[in-house]
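Quick notes on the structure that follows.
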Amino acid sequence: MSQKKVFEKKMSSDKDGLRFATPEPVAKYRAARLACGTIADISCGIGGQTIYFAQRCKHVYAVEIDPQKLEYAKQNCAKHGLSNVTFICGDALDPAVIAQIPKADIVFSDPYRPPEEETRQADSLRPGIPAVMDAYAGITQNFAFEAPPQMPPERIDFACEKEYVSLNGQLNRLTLYFGKIKRYDRIAVSLPGGNAMVDAPVELPPMVEADKPMLFMFEPDPAVVAADLLNELVDDMIKAIASHVRVVKIDKKRTLLTADLLTVNPMNKNNYILLRIMPFETEDDYEKINEFLKKSNAGKVTLRGSIDPKNYWGIRNQLEAGLFGTKKIHLYLKEKENSRKEALICELIYE
């Protein structure tokens with residue numbers, strides 16, 4: 001991803017620093033939420049988050065064990081004309097480092113996460129959450145930690161708020177809040193729009209799986225799914241249209257919602273009209289779908305479902321052969337009980 005898409009100014013950095021730096025829209029949002037007098041940003045890296053903390057807080061203590069990254073953080077803060085940051089090089093858990101932070105309203109930590117880890121776990125963060133909270137207990141009781149967004153809420157064994165953030169329709173960040181800055185149990189935030197959904201204060205009726213998809217299909221924002229707030233989204237949609245909203249399981253990774261009335265909810269990533277359901281197993285099936293798409297004024301087709309990456313473009317090229325229309329089609333491959341697939345041919349609605 002280019003720096004222009006991530007930062008408002010060109011950043012000084014090495015490759016790893018840019019790769020792991022917090023994107024500007026997320027950093028701005030988080031800084032607004034954690035605006036306070038003094039904040040400690042430990043494991044600050046090249047300062048992607050530090051910059052926006054400094055714009056919102058009176059003073060920032062930026063701690064980084066890597067002297068080169070800390071030097072980049074200094075340069076990047078200088079580029080933004082910031083002079084209210086104290087830079088500290090050292091281990092964030094070293095008493096000598098902590099002694100240089102006389103006070104803080106909040107401690108924010110963006111710990112190291114093993115890139116090779118198959119299943120993300122909270123106890124693999126370094127420095128670990130309990131260790132940081134113990135080390136800084138004399139400074140504050142308000143903590144915020146960045147964690148891998150792939151971790152579902154049930155895998156987080158802390159009494160904290162779990163905030164899942166999407167950016168441009170992709171799951172991007174998970175922040176855990178402790179102390180007085182904890183507001184909810186779970187929250188999903190969609191950026192750059194800033195729309196949010198929180199856990200319901202009461203138990204909601206269980207979601208109902210659709211026997212058959214209805215006319216309109218809805219793709220939930222990935223932050224809603226990650227935060228386990230799909231039930232809240234369904235409840236919100238039912239209240240809006242006073243009609244049934246059902247769940248459609250596409251496969252283990254994908255879930256759509258369906259209704260017979262259109263509703264525009266900001267926590268849905270995409271809205272569709274279901275054009276047709278067709279078999280999706282053989283070359284003959286692909287040809288029949290292609291013929292239907294030609295008659296439907298279809299153009300681009302995006303395949304959404306469990307499919308061998310080696311076959312993706314070959315199948316997509318077959319489906320798009322001879323298409324010159326304007327409609328954008330998302331073709332969801334629904335897995336059936338007999339291990340067969342059927343295609344839910346959906347036209348993207350722009351709202």
A careful count of residues in the stretch 63-81 that are open to solvent by less than 30 Å² (accessible area, probe 1.4 Å) and touching a residue at least 60 places away in the same chain (Cβ under 8 Å) gives 1
Considering the stretch 241-295, residues that are in contact with a Lys or Arg (Cβ under 9 Å, 6 or more places away or on another chain) and assigned to a loop (DSSP other than H, G, I, E, B), and then whichever is surrounded by the fewest Cβ atoms within 10 Å (Cβ to Cβ), we arrive at GLU281
Is it true that VAL60 is crowded, with 22+ Cβ neighbours inside 10 Å and modelled with pLDDT of 95 or more?
-> yes
Subset of the stretch 204-220 [among the charged types (D, E, K, R) and farther than 17 Å from CYS346 by Cβ] | GLU209, ASP211
Strands (runs of 3 or more DSSP E) wholly inside the stretch 100-210 that include at least 2 residues being closer than 30 Å to LYS239 by Cβ, open to solvent by less than 40 Å² (accessible area, probe 1.4 Å) and modelled with pLDDT of 95 or more = 161-167, 170-178, 186-191
Name the pairs whose Cβ atoms lie under 7 Å apart, with the first residue in the stretch 133-153 and β-branched (Val, Ile, Thr), the second open to solvent by 30 Å² or more (accessible area, probe 1.4 Å) and in a loop (DSSP other than H, G, I, E, B), and 6 or more positions between them or separate chains?
-> ILE139/LYS103; THR140/ASP105
Would you pick out the residues in the stretch 296-340 that are part of a strand (DSSP E or B) and more than 28 Å from the chain's Cα centre (by Cα)?
-> ALA298, GLY299
Check on THR302, under 23 Å from SER190 (Cβ atoms) and surrounded by fewer than 15 Cβ atoms within 10 Å (Cβ to Cβ) = yes
Test set (1) in contact with a Leu (Cβ under 6 Å, 6 or more places away or on another chain); (2) under 21 Å from LYS249 (Cα atoms); (3) open to solvent by 80 Å² or more (accessible area, probe 1.4 Å) - GLU337 fails condition number = (1)
Considering only residues of the stretch 307-334 that are hydroxyl-bearing (Ser, Thr, Tyr) and closer than 23 Å to LYS249 by Cα, which is surrounded by the fewest Cβ atoms within 10 Å (Cβ to Cβ)?
-> TYR312
Given the residues ASP235, ASP228, which is the only one that is in contact with a Leu (Cβ under 6 Å, 6 or more places away or on another chain), open to solvent by 20 Å² or more (accessible area, probe 1.4 Å) and among the charged types (D, E, K, R)?
-> ASP235
Could you tell me whether any residue of the stretch 82-94 is under 17 Å from LEU18 (Cβ atoms), open to solvent by 50 Å² or more (accessible area, probe 1.4 Å) and either aromatic (Phe, Trp, Tyr) or assigned to a helix (DSSP H, G or I) (or both)?
-> no
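The values are calculated or read from the model by the stated rules, or taken from the named source; none is laboratory data. Being a predicted model, the structure only gives us computed values, none of them experimental. Glycine also receives a Cβ, built like all others from the backbone with ideal geometry; neighbour counts cover every protein chain displayed. These accessible areas exclude ligands, DNA and RNA; they are computed on the full protein's heavy atoms, side chains included. Shrake-Rupley method; radii C 1.70, N 1.55, O 1.52, S 1.80 Å.
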